[in-house]
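Have a look at the structure below before the remarks.
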Amino acid sequence: MNTREQLLALNDELRRLKSEGRRTVSISESSLDELRAVLADAPEIAEEPAARTAVRENEEITTFVPTSVAAPAAKPAAVKTKPALSPRADIALPQGDKATQWQALRELVLNDPVCRERVYKGKQVVFGVGNLDASIMFVGEAPGADEEDLGEPFVGRAGQLLNRMIKAMGLDRSQVYIGNILNWRPELGVRNADGSQTGNRPPTAEEMVYCLPFIRAQIAIVRPKVLVALGKTAVDGLLGAERFKSMGAARGSWHDYADTPLRATYHPSYLLRQEGLVSASAKKIKRDAWEDLLAVMERAELPISDKQRNYFL
Ligand code: URA
């Protein structure tokens with residue numbers, strides 16, 4: 001989908017929600033930032049009649065509720081037909097080596113009744129993958145269309161970019177660990193006849209709170225040297241939604257997650273939306289993302305060549 005089609009799809013979805021009587025939707029700060037950036041970068045799109053409607057809808061976003069882990073939004077955007085989620089207790093891992101613990105945790109998550117109930121029929125709960133001795137662990141937001149089909153995180157377009165980022169760091173996907181804050185694809189409430197869903201939404205605070213023990217337990221098993229939070233949802237989930245107002249505020253310095261250094265960087269989907277854009281801001285975003293990864297490499301004590309230092313994503 002190109003930017004115009006994405007905007008039109010967003011517009012349609014906002015209209016649909018409005019026609020159902022919904023006056024507010026839950027939207028993360030990072031998604032808002034992305035929307036503003038798309039519109040700022042594409043004045044020709046903002047001039048289109050349909051896009052103007054989207055912009056007008058966007059103006060209403062001042063009344064939208066930012067997602068918050070610390071204080072769940074009064075009206076989370078969870079699909080109304082599903083029962084409310086209660087936070088689940090932290091997970092007690094079984095005795096044994098990393099592989100034993102990981103296997104037990106994977107079984108628990110894949111069979112978790114709440115996860116199974118939230119997954120659309122025929123689609124899959126998605127658990128983390130990778131090297132249990134990885135120095136670097138990437139944490140994303142939530143599965144998308146390809147991930148819910150294949151049951152593996154980051155296997156679609158964003159995943160292909162993540163693979164290229166990992167390669168640029170001198171590593172292979174099999175040498176790192178990759179997980180998500182959420183283990184199912186957030187439902188918009190409407191599926192196409194073939195079971196596909198047009199568009200994604202960020203997880204609600206309630207959904208994140210439910211799944212957080214799963215990613216926390218994966219971090220406890222892998223014990224990476226460095227955590228990389230991909231996008232604001234991962235930052236909010238791991239560090240608390242109240243810590244940073246935007247990705248801009250979260251990235252560029254080191255944070256601490258349970259004694260593991262954490263670096264925040266832009267989500268690959270956001271970076272994908274910069275591809276092909278020639279504006280100075282798009283270039284800066286890509287340069288900043290690579291600088292985040294250089295910092296991660298340094299912290300993980302990976303060798304860095306001159307070519308890598310001068311590389312641009
Ligand atoms: N985006 C994510 O945050 N996670 C995935 O697994 C895929 C896309």
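The values are calculated or read from the model by the stated rules, or taken from the named source; none is laboratory data. These numbers were taken from a predicted model, which means no experiment stands behind them. In this analysis, Cβ positions are derived from the backbone assuming ideal geometry, glycine residues included, and neighbour counts consider all displayed protein chains.
Remarks
- Of all residues assigned to segment 162-178, at least one qualifies as being out of contact with any helix residue (DSSP H, G or I) (no Cβ under 9 Å at 6 or more places or on another chain), within 22 Å of A217 (Cβ to Cβ), in the same structural domain as I221 (by TED's automatic domain parsing) and at pLDDT 95 or above.
- Residue in segment 121-132 that is out of contact with any Ser or Thr (no Cβ under 8 Å at 6 or more places or on another chain), buried (at least 17 other Cβ atoms within 10 Å of the Cβ), touching a residue at least 12 places away in the same chain (Cβ under 8 Å) and basic (K, R) present: yes
- Filter result for V139 (within 10 Å of the ligand (Cβ to nearest atom) and either in a helix (DSSP H, G or I) or closer than 27 Å to G240 by Cβ (or both)): yes
- Wholly enclosed strands (runs of 3 or more DSSP E) of segment 208-313 bearing at least 2 residues within 23 Å of V155 (Cβ to Cβ): 226-230, 260-265
- Answer from V228, V296 - the residue that is hydrophobic (A, V, I, L, M, F, W, C), surrounded by 14 or more Cβ atoms within 10 Å (Cβ to Cβ) and within 15 Å of the ligand (Cβ to nearest atom): V228
Residue by residue, here is whether (1) among the acidic types (D, E); (2) at pLDDT below 95; (3) loosely packed, with under 15 Cβ neighbours inside 10 Å; (4) within 16 Å of the ligand (Cβ to nearest atom) holds:
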site	(1), (2), (3), (4)
G237	no, no, no, yes
G240	no, no, yes, no
T260	no, no, no, no
A264	no, no, no, yes
H267	no, no, no, yes
L271	no, no, no, yes
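- Residues located in segment 89-126, provided they are within 16 Å of the ligand (Cβ to nearest atom) and farther than 15 Å from A220 by Cα: V109, L110, C115, R118, V119, Y120, K123, Q124, V125, V126
- Positions within segment 196-255 being more than 20 Å from E148 (Cα to Cα) and touching a His at 6+ places or on another chain (Cβ under 7 Å), in sequence order: L239
- For segment 149-159, filtering for residues that are within 9 Å of the ligand (Cβ to nearest atom) and either in contact (Cβ under 8 Å) with a residue 24 or more places away in the chain or hydrophobic (A, V, I, L, M, F, W, C) (or both) leaves 7.
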